[in-house]
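Working notes for the structure below.
The values are calculated or read from the model by the stated rules, or taken from the named source; none is laboratory data. These figures come from a predicted structure and were not determined experimentally. As a convention, Cβ positions derive from the backbone with ideal geometry for all residues, glycine included, and neighbour counts pool all protein chains shown. In case anyone asks, the SASA skips ligands and DNA or RNA and just uses the protein heavy atoms, side chains included. Shrake-Rupley method; radii C 1.70, N 1.55, O 1.52, S 1.80 Å.
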Amino acid sequence: MSVHLEPATESLPPAPHAEPAVLARGVWFGYHPRRPVLRGVDVTARAGEVTVLLGASGSGKTTLLKLIKGLLATGQGEITVLGRSSRAGGRPSALDARVAYIPQQLGLVRNLSVLDNVLVGAMPRIGTARSLLHWFPRDEIVAAHAVLQSLGIGNKAAERVLSLSGGERQRVAIARALLQRARVIVADEFLSQLDPVTTDEIMTVMHQIAAQGVALVMTTHELDVVTRHADRVVVLRDGLKALDCPAAEVTSDSLARAIRQ
Amino acid sequence: MSAGPWLRRILLVLLAALFAYSLSDVGLLETDRLQRGVQNTGRFLRGLFPPAWDVLPDVARAAGETVQIAFIGTALGLVLALPLSVAASPAITGRGVALTIRLLLAAVRTVPALLWAIIFVVAVGLGPAAGSLGVAMYSLGYMGKLFSEAFDGVDPEVLEAVRGTGLGRAQLARYALLPEAANQLLSQLLFMFEYNVRSSSIMGFVGAGGIGYYLLGYVQTLRYQELTTALLVTLVVVLAIDRLSAVVRAAFLSGRV
Ligand SMILES: Nc1ncnc2c1ncn2[C@@H]1O[C@H](COP(=O)(O)OP(=O)(O)O)[C@@H](O)[C@H]1O
Ligand SMILES: [Mg+2]
């Protein structure tokens, strides 16, 4: 299986020495003023790499992903994503289509077909009138089918999402991100509902996508995902960064210690 | 959250006292009046039979008009309620606009269907057109509320994820909000239609068309046997519509359509 990205994406080869795709510096955030969830976190994620974010439940992983996506605004500090910066005090930046957000439950529209869910990724390029009439440009439909095909669910295009298995839904969410021509994909609890075999299949796909110049930032609870599939690992604890290093330098034991301590 | 046992006891006593007081206030404790009521009811019930079948063609035609009033009224109400309830969703238009439209819908809802019908009888004259418009306004108020509640229940994670692709508000409504709420919207639309068939059957009381014209007329002229026919036809229509909407609901919700 090999995943082909949109032409526009392929024309941008990975640039290993360029600015990191995601650069968060001294990020503070709290849902309540007196209870900060993040207390000065620095995170970088590079194109071509799989960055895994770990931490106990409630340590702020989801919050950090939403900050990167621009769904939340930082309290202090600065987050630069693909060269676009959002500083403390600003409104949540306008949502950047180049950053795809895959939430924990995937955020698919269950009542729509797989194809329509994927075409949602192309929506900003399609005029309002045309998209409201469900009259999509031929090339976008072709691209959507091609992406589904390369993810191994080409035969599911007409089915409604609610009739799909967990692994198939995961692929639909990935396909939507690809049609979005995402340069950064943030994915929350990305593999939480998958069996080990499907996990390996999905991560193989994600590595192919990353290799084409996409930065993947994902959270998980599975420690062996880090040792098997990550390039870089970041551990959050008590609103601070407890660990940040290449995945090759850690073991499941050292990770477990960093998360709990 | 649970009230103390004393507080609960005091509330119960207050409730019982309020019930007794209201019972006497509305005149349900006057024994001679109740006695007369029982006698009158007996005479009325005996007068209902046998039904007078000669009025069946007229009554059936009027029942058909009742269903038409309900159908047109529900459809017009839907056409108005759908865009307004989307606009009343804070996820699409933001809090300010959403709240304003909700207030507007609440205002529409305070006017009962029959009063809307009277208003439209004044505006467009006697007949089913006034009834249809009255039902439409009433449906707008209620479906607007039911639909916006359905939209409020849409999983915020889905809205965030779809919004994250960078699409516009109208697209978000069309490809996330509406499909996620679709089953509930359909269910409420069918409920509204059933309800409207019932309320359309009294539109004729104020000259706004349908079988209500006959129901009221037979009561006022003491033609109880004709009234029976009209009531039976109304019953059949209501049951048929309920059955039909159950079939439609089952077909849609099982994903067969
Ligand atoms: N919408 C919210 N409102 C208030 N508190 C929240 C909200 N979302 C998360 N929190 C709190 O912020 C903290 C971090 O949550 P989260 O980022 O979801 O952690 P994680 O994803 O690592 O489990 C938790 O204490 C959680 O209770
Ligand atoms: Mg989380």
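Between B:Ala150, B:Ala161, B:Ala129, which is open to solvent by 10 Å² or more (accessible area, probe 1.4 Å), aliphatic (A, V, I, L, M) and assigned to a helix (DSSP H, G or I)?
B:Ala129
State all residues of region A:76-89 that are in contact with a strand residue (DSSP E or B) (Cβ under 8 Å, 6 or more places away or on another chain) and either open to solvent by 50 Å² or more (accessible area, probe 1.4 Å) or within 16 Å of ligand 2 (Cβ to nearest atom) (or both); if no residue qualifies, say none.
Matches in region A:76-89: A:Gln76, A:Ser85, A:Arg87.
Name the residues in region A:202-222 that are within 16 Å of ligand 2 (Cβ to nearest atom) and open to solvent by 10 Å² or more (accessible area, probe 1.4 Å), would you?
Selection gives A:His221, A:Glu222.
Any residue at all in region B:204-214 that's surrounded by fewer than 22 Cβ atoms within 10 Å (Cβ to Cβ), closer than 30 Å to A:Ala122 by Cα and either away from chain A (no Cβ under 14 Å) or polar (S, T, N, Q) (or both)?
No, region B:204-214 contains no residue that is surrounded by fewer than 22 Cβ atoms within 10 Å (Cβ to Cβ), closer than 30 Å to A:Ala122 by Cα and either away from chain A (no Cβ under 14 Å) or polar (S, T, N, Q) (or both).
Restrict the check to region A:20-39 and report whether at least one residue is part of a strand (DSSP E or B) and of a type in the set (Phe, Trp, Tyr).
Yes, because at least one residue in region A:20-39 is part of a strand (DSSP E or B) and of a type in the set (Phe, Trp, Tyr).
Being over 21 Å from A:Val186 (Cβ atoms) and in a helix (DSSP H, G or I) is the filter here; which residues of region A:104-118 pass it?
A:Val114, A:Leu115, A:Asp116 - these are the residues of region A:104-118 that are over 21 Å from A:Val186 (Cβ atoms) and in a helix (DSSP H, G or I).
I'd like to know if region B:86-103 contains one or more residues that are touching a residue at least 40 places away in the same chain (Cβ under 8 Å), at positive phi, open to solvent by less than 50 Å² (accessible area, probe 1.4 Å) and not polar (S, T, N, Q).
No; the residues of region B:86-103 include none that is touching a residue at least 40 places away in the same chain (Cβ under 8 Å), at positive phi, open to solvent by less than 50 Å² (accessible area, probe 1.4 Å) and not polar (S, T, N, Q).
Considering only region B:1-104, give the helices (runs of 4 or more DSSP H) lying wholly within it that have at least 1 residues that are closer than 30 Å to B:Leu239 by Cα and among the acidic types (Asp, Glu).
So the answer is B:56-87.
In region A:134-163, which residues are in a helix (DSSP H, G or I) and in contact (Cβ under 8 Å) with a residue 24 or more places away in the chain?
Once the filter is applied, which keeps residues that are in a helix (DSSP H, G or I) and in contact (Cβ under 8 Å) with a residue 24 or more places away in the chain, region A:134-163 yields A:Glu140, A:Ile141, A:Ala143, A:Ala144, A:His145, A:Ala146, A:Val147, A:Leu148, A:Ser150, A:Lys156, A:Val161, A:Leu162.
Just wondering, is there one or more residues in region A:149-170 that are within 28 Å of B:Pro83 (Cα to Cα), crowded, with 17+ Cβ neighbours inside 10 Å, within 11 Å of another protein chain (Cβ to nearest Cβ) and not polar (S, T, N, Q)?
Scanning region A:149-170 turns up at least one residue that is within 28 Å of B:Pro83 (Cα to Cα), crowded, with 17+ Cβ neighbours inside 10 Å, within 11 Å of another protein chain (Cβ to nearest Cβ) and not polar (S, T, N, Q).
Which pairs turn up if I take residues in region A:64-75 that are closer than 17 Å to A:Leu240 by Cα and more than 8 Å from every other protein chain (Cβ to nearest Cβ) and look for partners that are more than 10 Å from ligand 1 (Cβ to nearest atom) and assigned to a loop (DSSP other than H, G, I, E, B) with beta carbon separation below 7 Å, at least 6 apart in sequence or on another chain?
Correct list of pairs: A:Leu67/A:Thr74; A:Thr74/A:Ala88; A:Gly75/A:Ala88.
Residues of region A:48-65 being open to solvent by 40 Å² or more (accessible area, probe 1.4 Å) and either more than 15 Å from ligand 2 (Cβ to nearest atom) or of a type in the set (Lys, Arg) (or both), which ones?
A:Glu49
Given the conditions (1) open to solvent by less than 30 Å² (accessible area, probe 1.4 Å); (2) farther than 22 Å from A:Leu223 by Cα; (3) near ligand 1 (Cβ under 9 Å from one of its atoms), which single one is not true for A:Tyr31?
(1)
In region A:105-140, how many are polar (S, T, N, Q), facing another protein chain (nearest Cβ under 7 Å) and open to solvent by 10 Å² or more (accessible area, probe 1.4 Å)?
Residues flagged as polar (S, T, N, Q), facing another protein chain (nearest Cβ under 7 Å) and open to solvent by 10 Å² or more (accessible area, probe 1.4 Å) within region A:105-140 amount to 3.
Might you check whether a residue that is under 30 Å from A:Ala258 (Cβ atoms) and more than 17 Å from the chain's Cα centre (by Cα) occurs anywhere in region A:111-123?
No.
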